[in-house]
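Have a look at the structure below, then the notes.
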Amino acid sequence: MAMKGRFLIHHPKDNVAVILSESMEKGDTIEIGSRTIPLRASIPFGHKVAIREIPKGGYAVKYGQKIGKAKRDIHPGEHVHCHNLEDVVDELRAEALKKAKIEIEDWRGKAS
Amino acid sequence: MKSQFWAYERGDGKVGIRNHLAIISTVHCSATVTQRIADAVGATAVIHQNGCGQVGADLEQTKRMLIGMGSHPNAGAVIVVGLGCEAISPEAVAHRIQGKPVEVLTIQKIGGTTRTLQQGIQLAQRMQLALSQQKRQLFGMERLILAVKCGGSGPSSGIAANPALGIASDRLIRKGGTVIIGTESLYGCEHLLARRAISREIARDIVRCFQRIEEDAKRLGHSFKEANPSPGNKRAGITTMTEKAMGALAKAGKAKIVGFLKPGESPMGKGLWIMETRGADVGQISKQAAGGCHLLAFTTDLGNPIGLPLVPVIKNTGNGKTYRENIEDIDIDTSPLIAGAMRVREAGEMILAKLLDVANGECTKVEVLGFREFAIPRIGSAL
């Protein structure tokens, strides 16, 4: 029988939730308000599940902040991890600093 | 919720939540004599492996941290113990410590270790007796300086222990208090730290600090990206560096960053401060201690027993198994957050209440066990 799992959404802007149940199997569900999202894979404790569509090239948002870029379309219920999410720390850093108008030398030692 | 605590007033306007006699070695050569004087009278030794063969920024950092420990509000009196020929003279350290009795012992001047021990123990006994006559007075929470730190982190850290501590940190700052977070574990979110800074200058200092760390890694032929997130982090569900760093940053809540501190430098005002804390765990918390934090709140997933001289360290874990297995080292269990039996705000209030209890004199677990690690990380190599 499908299990209703416990999860945590750190920030209202997040498009991923963190699984708090010991482990959840494919077909188990999480309920967010009136929405029921079935898991598309088994997901261990502490790992992330998509709770909204994240299109290829879009960002996964956790703690209200962009944490990485989708390598392909990620659908609600999918496990979000290294197989479908790319670490783009340099890009996130450059974008955030530009937005805040903080001019600094970039990480290769040249003035930006 | 109570918002006052009982503390010792110092001559320089600071307040201390403990009344330690700090016995500080200026150089590793005087470390054992320092430790023996402290042991003889139940004082607190501050010993390390530096103090000579150092130049430039490396020498400055050692000196700043030793003066910081001597000036620490939880030290009611200080004895500085030197050898005599070292780079950092005991007088130079003692002269910078204000508002409390400070004495100097120099082994080469006194004439040997046995005479220094005898003189030192007699002096330390008199100072301990005088300290024991001081009474606590009532002060507001705005006088408290808290340091936050995570170590032995794991899956529960970013979910339970750190966010709960973040709530406590925010509450303390709203009451007018001060919090110090170190730069460790925050690689990958420096852009977010910069955006939380109250001025562009502070933002620039923060980003430059992380740049220097990455440049140094490059010089050694390495990059933080190659090792981060670690295989263990990935097994725990952490996918990216920014995600890992955000989990660590959660322990400092959501407050704006009001200033950037050098290692061991004291905050010059209220609010959230970030300190350069390069080094391993003990070196990091030693830098925060030298900055004058009254208390250090330490979160862990795997368990960690370290403590500090002068500063009570309060441990908090979100891993229920770690709490049960390490109950002698860990003060607060935030694992009910994960089980859904507690809300993060309640956990934050519980931590803040514990911080106030400890400020009032209640001991932490590692304080009772007498775990007092102290280390001064090196910059560059010894000469």
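Which whole-number percentage describes the relative contact order of chain B, with Cα contacts under 8 Å and a sequence gap of 6 or more?
On the way: 864 pairs, mean separation 81.3, N = 383.
Computed over chain B, the figure is 21 percent.
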State log₁₀ I(q)/I(0) for chain B at q = 0.12, 0.13, 0.15 Å⁻¹ as given by the Debye formula over alpha-carbon point scatterers of equal weight, solvent excluded. -0.90, -1.05, -1.35
Gaussian network model of chain B, springs between alpha carbon atoms under 10 Å - residue of B:111, B:84, B:166 with greatest fluctuation: B:111
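Among B:181, B:88, which comes first, then next, by fewest other beta-carbon atoms within 10 Å? Mind dumping the intermediate values first?
On the way: B:181 28, B:88 21.
Result, fewest neighbours first: B:88, B:181.
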Furthest towards positive pole of dipole, B:259, B:317, B:299, structure part the protein assembly as shown, Cβ charges: B:259
Likely footprinting exposure, A:66, B:254, B:135, fewest C-beta neighbours within 10 Å first: B:135, B:254, A:66
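Run through every distinct alpha carbon pair of region A:1-103 and return the Kirkwood hydrodynamic radius in angstroms, one decimal place. It would help to have the intermediate numbers written out before the result.
Details: mean 1/r = 0.0707 Å⁻¹.
Value: 14.1 Å, from the Cα pair sum.
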How much length is gained if the chain between residue B:135 and residue B:363 is pulled fully straight, taking 0.36 nm per residue apart and subtracting their Cα-Cα distance, in nm to one decimal? 80.3 nm
Taking the Cα centre of each part, how many Å lie between region B:340-363 and region A:1-32? 28
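When the helices in chain B are scored as -39500 (n - 2.57) per DSSP H run of 4 or longer and the sum is shared across all residues, what 222 nm value do you end up with, to the nearest 500 deg cm²/dmol? Please list the in-between numbers first.
Details: 16 runs with 153 residues, N = 383.
Rounded to the nearest 500, the figure is -11500 deg cm²/dmol.
If you count, for every residue in B:240-250, the Cβ atoms of partner chains within 10 Å of its Cβ, what is the mean?
Numbers: counts 14, 8, 13, 12, 2, 4, 7, 5, 0, 2, 2.
Across B:240-250, the average partner-chain Cβ count within 10 Å equals 6.
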Quick one: among B:171, B:204, B:278, which has the greatest mean-square fluctuation in a GNM of chain B with alpha-carbon springs under 10 angstrom? B:204
Enter the Cα centre distance for the pair region B:62-124 and region A:46-83, rounded to the nearest angstrom. 56
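Averaged over A:56-65, how many beta carbons belonging to a partner chain fall within 10 Å of each residue's beta carbon? Don't jump to the answer; show the numbers that get you there.
Numbers: counts 0, 0, 0, 0, 4, 0, 7, 11, 3, 9.
Mean shielding count: 3.
Can you give the net charge of the other residues whose Cβ lies under 10 Å from the Cβ of residue B:362, counting K and R as +1 and D and E as -1?
Numbers: positive: B:354; negative: B:331, B:357, B:367.
Charge balance near residue B:362 sits at -2.
Could you put B:261, B:131 in order, starting from the residue whose Cβ has the fewest other Cβ atoms within 10 Å? Before the final figure, lay out each step's value.
Working: B:261 21, B:131 18.
By the 10 Å Cβ count, ascending: B:131, B:261.
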Over region A:7-99, what is the relative contact order in whole percent, taking alpha-carbon pairs under 8 Å and six or more residues apart? 26
Counting Lys and Arg as +1 and Asp and Glu as -1, what is the net charge of the other residues whose Cβ lies under 9 Å from the Cβ of residue B:213? -2
Taking a spot 7 Å from the Cα of residue A:23 along the direction of its beta carbon, which residues of region A:33-69 have an amide N less than 11 Å from it? A:42-45
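Estimate the FRET efficiency between residue B:4 and residue B:199 by the formula 1/(1 + (r/R0)^6), using the beta-carbon distance for r and 35 Å for R0, to the nearest 0.05. Mind dumping the intermediate values first?
Values: r = 32 Å, r/R0 = 0.92.
Once the sixth-power term is evaluated, E becomes 0.65.
None of the figures in this text is laboratory data; all of them are computed from the coordinates on show. Everything numeric here is computed off the predicted structure, so don't read it as measured data. Methodologically, a virtual Cβ is constructed for each residue, glycine included, from the backbone with ideal geometry; neighbour enumeration extends over all protein chains shown.
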